[in-house]
Amino acid sequence: MATFFRTKVIKDIGTQKIVVFEVPSATNATVIGLNLANITDFAVQASVLIKDDGSVEGFYVKDVMIPPQTSYKAMIGGEKIVLPTAHQLIVQSNVSNSVDAIISYVDIQ
């Protein structure tokens, strides 16, 4: 089994749900870091959802308030999210083009 450490950057997330990470076929992934940065001059609310392979969505973080020009670490203290094939990580904000997301994860193939 091959293991790869990766980082993905998604800019300018807004009011539409954005799939920031989808687990490819024949792969499992473990998300080891998730940072949301408010790139505006006013407070925004952000949500993180996980969607399973059966199209069921659930909130991992719901409407967290992020002050202007600061960031929110959605995962702390060694917490991890295990995602099997076809699962998705989704981010949404209440303001257009207001949040950048950085996801660190491990691909297991």
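The values are calculated or read from the model by the stated rules, or taken from the named source; none is laboratory data. Given the structure is predicted, the values throughout are model-derived calculations rather than measurements. Every residue, glycine as well, gets a Cβ built from its backbone with ideal geometry; the counts of neighbours run over all protein chains shown. For accessibility, only protein heavy atoms count, side chains too; no ligands or nucleic acids. Shrake-Rupley method; radii C 1.70, N 1.55, O 1.52, S 1.80 Å.
Length gained on full extension, I108 to D53: 18.0 nm, using 0.36 nm per residue less the C-alpha separation.
Mean shadow of the chain, computed from the convex hull of its alpha carbons, in nm²?
Answer in nm², one decimal: 6.4.
Legend: residues D41, D63, D107, sorted from most to least accessible area (1.4 Å probe; ligands, DNA and RNA excluded), read D41, D63, D107. A DSSP coil position with no more than 12 other Cβ atoms inside 10 Å describes the following GluC sites (Glu not before Pro) in segment 3-109: E79. With 0.36 nm allotted per residue and the present C-alpha distance subtracted, the D41-K17 stretch has 6.5 nm of extension available.
Within segment 7-35, list the residues whose amide N lies under 15 Å from a label point set 7 Å along Cα→Cβ of S71. What the label zone holds, given the 15 Å backbone N cut-off, is 7-13, 32-35. Accessible surface for F4 stands near 80 Å², nearest 10, in the context of the full protein assembly shown (1.4 Å probe).
Computed about the Cα centre, the dipole magnitude for the chain is approximately 140 debye when only Lys and Arg (+1) and Asp and Glu (-1) carry charge, each at its Cβ.
For segment 75-84, backbone phi angles converted through the Karplus equation (6.51, -1.76, 1.60; θ = phi - 60°) give residue-by-residue couplings of 10, 9, x, x, 4, 9, 10, 8, 10, x Hz, Gly and Pro being listed as x.
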